[in-house]
Amino acid sequence: FDYDNYLFITLARRTAWVSNLSEEFRSITYPSASIAIVPTELFDLGELPIDFLKLRASYGIVGEQGVPPYNSFARYSDFPTFLNDGRLNTVILSSIPSQGLEWEKTYQSDVGLEIGFANNRYSLEFDYYEKRTEDKSQFKA
């Protein structure tokens, strides 16, 4: 959304699906939002040497499943066994399924400032962001 070239708003929602997590955690929906305002389009800053000024903020969540395919299922391997001078084909459990694996979620927020000087020939940009990850998936082979 753009209002009169000085206010910008973006809202988004994304849904993702995977097959390598258990059925109850195969999909995730996560949102994001951002807003920016350009005061130099709205107000006359008078004698200030600033040609362009933008203030912005955003927040979003992203997901990562981070596990190898089929890690939530039990896996079996063939295991030849010898008995009475004969070979028997047997199967053994080669990996225990990982139960209850969820999406790893990262929450990120950001605030920023953009300033242009000398007919926008020079510019400065400042950003501060914070990032937090929860439900980390740590797979060990």
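The values are calculated or read from the model by the stated rules, or taken from the named source; none is laboratory data. As the structure is a computational prediction, the values presented were derived from the model and not from experiment. No Cβ is skipped: glycine too gets one built from the backbone with ideal geometry, and neighbour counts run over all protein chains shown. To get the accessible areas, we keep the full protein, side chains included, count just its heavy atoms, and leave off ligands, DNA and RNA. Shrake-Rupley method; radii C 1.70, N 1.55, O 1.52, S 1.80 Å.
Ranking Tyr129, Val38, Val18 by Cα position along the charge dipole of the chain, where only Lys, Arg, Asp and Glu carry charges on their C-beta atoms, puts Val18 farthest toward the positive end.
With +1 on each Lys and Arg Cβ and -1 on each Asp and Glu Cβ, and nothing else charged, work out how big the dipole of the chain is about its Cα centre, in Debye to the nearest 20. Before the final figure, lay out each step's value.
Values: 13 positive and 20 negative charges, 150 e Å.
Using Cβ point charges on Lys, Arg, Asp and Glu, the chain gives about 720 debye.
Given the -39500 (n - 2.57) contribution per DSSP H run of 4+ residues, what per-residue ellipticity at 222 nm results for the chain, rounded to the nearest 500 deg cm²/dmol? Working shown, then result.
Working: 1 runs with 4 residues, N = 141.
Mean residue ellipticity, 222 nm, calculated: -500 deg cm²/dmol.
With a sphere of radius 14 Å drawn around the Cβ of Ser22, what net charge do the other residues whose Cβ falls strictly inside it have (Lys, Arg +1; Asp, Glu -1)?
On the way: positive: Arg26; negative: Glu23, Glu24, Glu102, Asp135.
My count for the surroundings of Ser22 gives -3.
With protein chains left intact and a 1.4 Å probe, residues in the chain average 75 Å² of accessible area per residue. Expressed as a whole percent, the accessible area of the stretch 12-141 that falls on carbon and sulfur atoms is 53 (1.4 Å probe). Here the chain is scanned for chymotrypsin sites (Phe, Trp or Tyr not before Pro) in DSSP loops (not H, G, I, E, B) that have at most 13 other Cβ atoms within 10 Å, and the longest stretch holding none of them is 74-138.
Could you work out the per residue convex hull volume over the alpha carbons of the chain, in cubic angstrom?
Numbers: hull volume 20.1 nm³, N = 141.
So the per-residue Cα hull volume is 142 Å³.
Under the simplified labelling scheme, the Ile35-Glu134 pair shows an inter-label distance of 2.3 nm, with each label point 7 Å from Cα along Cα→Cβ. From the alpha carbon centroid of the stretch 75-139 to that of the stretch 43-58 is 40 Å. Given R0 = 25 Å, the distance between the Cβ atoms of Ser77 and Lys105 translates into a calculated FRET efficiency of 0.15. Checking every one of the GluC sites (Glu not before Pro) in the stretch 21-114 against DSSP loop status and a limit of 13 other Cβ atoms within 10 Å picks out Glu47. Set the Förster radius R0 to 35 Å, insert the Cβ-Cβ distance between Phe117 and Glu64 as r into 1/(1 + (r/R0)^6), and round the FRET efficiency to 0.05. The formula returns an efficiency of 0.30 here.
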